[in-house]
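Okay, so here's the structure we're looking at.
Each value in this text was obtained by applying a stated rule to the coordinates, not by laboratory testing. None of these values were measured; they are calculated from a predicted model. Cβ: placed from backbone, ideal geometry, glycine included. Neighbour counts: every protein chain shown.
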Amino acid sequence: MVVVMSPDATDEDVAHVVEKVEAVGGEAFVSKGVVRTIIGLVGDLESFHHLNLRTLRGVADVHRISDPYKLVSRQHHAGRSTVWVGQPGAQVPIGPDTFTFLAGPCAVETAEQTLEAALMAKAAGATILRGGAYKPRTSPYAFQGLGVAGLEILADVRAATGLPIVTEVVDARDVPIVAEHADMLQIGTRNMANFGLLQAAGDAGKPVLLKRGMTATIEEWLMAAEYIAQRGNLDVVLCERGIRTFEPATRNTLDISAVPVVQATSHLPIIVDPSHAAGRKDLVVPLSRAAIAVGADGIIVDVHPEPEVALCDGPQALLGNDLRDLATAVRKLPPVVGRVDAGERIRTV
Ligand code: PEP
Ligand code: MN
């Protein structure tokens with residue numbers, strides 16, 4: 001932590017800050033400039049917070065140097081992490097060396113629709129199936145998902161296709177049943193700051209896909225990840241899914257810069273959801289290409305066999321030529337940026 005004194009601070013003001021810091025067991029290193037004096041603090045951050053240093057006479061500003069998150073920060077972790085998704089013997093990596101393609105329907109609607117979407121996803125090169133059994137809908141009158149019946153469909157489709165499944169959990173009370181069926185728990189944008197749910201997911205013993213809150217800063221998002229990590233679960237994958245801005249042309253604005261920013265500050269893998277970012281299928285392929293080029297560790301995309309009758313997010317679901325174009329991008333582009341398809345690195349032990 002660094003304390004910046006104001007230009008008119010006196011020697012007594014500086015001495016007072018030093019005294020306060022030393023009184024809580026910290027060390028203070030004073031550096032006198034021509035105009036300003038700055039004081040570097042070494043010691044326990046928590047005890048410095050209690051000093052309310054900003055309120056002391058002559059103090060102009062106080063800056064934190066280390067990240068407020070610890071377990072998910074790169075400052076305390078050598079290299080970037082890989083998270084493994086799936087049952088032992090067939091685990092798919094999401095991490096810095098590979099590119100992972102996750103796809104599936106927004107919502108599980110029927111067994112046939114889910115299987116068909118899963119086969120489309122697999123044929124396009126996806127190695128993890130997405131699909132919501134519990135849907136966090138903006139309207140309470142909209143389709144809320146099939147619940148446990150949807151989880152059972154997902155488990156059947158996993159058995160039929162071999163694809164591990166990621167599915168959303170919206171209520172802490174449902175975490176055990178979702179964890180029993182799924183290979184990875186998804187926390188959606190609307191629940192990113194639901195701290196009880198984050199903790200429950202952290203306790204569940206399964207990897208977690210944590211989407212960025214639509215109005216969350218990157219720091220708030222990483223603090224949410226810290227809630228999960230703090231429960232002893234470091235298997236967290238972040239997902240940039242667009243943030244709310246003034247621009248109405250797309251449903252959200254994909255913050256592509258979040259990918260390298262997160263990779264510079266956190267060791268956790270980060271993937272991109274171009275479907276929920278754009279809300280329109282014509283943008284999914286270009287945004288997926290952008291995600292690969294910027295260095296994302298994967299993408300998660302909505303596909304549906306009949307988007308026109310989808311109960312959720314039909315306008316953004318891919319099929320046909322769009323899905324073929326996506327499959328081509330996912331096959332050709334990751335090697336250009338030094339990534340191997342995750343399907344080639346499945347852990348079989
Ligand atoms: C989803 O992936 O199904 C979903 C609801 O996404 P988000 O939380 O990003 O809106
Ligand atoms: Mn959706």
Please give the peptides 310-317, 180-187, 340-347 ranked by average Cβ packing (other Cβ atoms within 10 Å per residue), highest first, as a rough proxy for protection. 180-187, 310-317, 340-347
By average C-beta atoms within 10 angstrom, highest first, the peptides 271-283, 322-334: 271-283, 322-334
Point-charge dipole on Cβ atoms (K/R +1, D/E -1) for the stretch 41-85, about Cα centre, debye to 20: 120
Can you tell me the order of 193-199, 224-230 when each peptide is scored by its average per-residue count of other Cβ atoms within 10 angstrom, highest first? 224-230, 193-199
Rank the residues Glu152, Glu109, Glu308 as a footprinting-exposure proxy: fewest other Cβ atoms within 10 Å of their Cβ go first. Glu308, Glu152, Glu109
Angle between the chain longest axis and helix 218-229 axis [Cα atoms, degrees, rounded to 10]: 80
Average projection area in nm² (convex hull over Cα atoms of the chain, one quarter of hull surface): 20.3
Which percent, to the nearest 5, of DSSP beta bridges fully inside the chain are antiparallel? 40
Taking Cα atoms only, helix 11-23 is inclined relative to the longest principal axis of the chain by an angle, in degrees rounded to 10, of 60
Sorted largest first, the Cα spans of the stretch 2-63 on the principal axes come out in Å as 30, 20, 19
If you line up the long axis of helix 148-161 against the longest principal axis of the chain, both from Cα atoms, how many degrees apart are they, to the nearest 10? 70
Below 11 angstrom from the Cβ of Gly147, what's the summed charge of the other residues (Lys, Arg +1; Asp, Glu -1)? -2
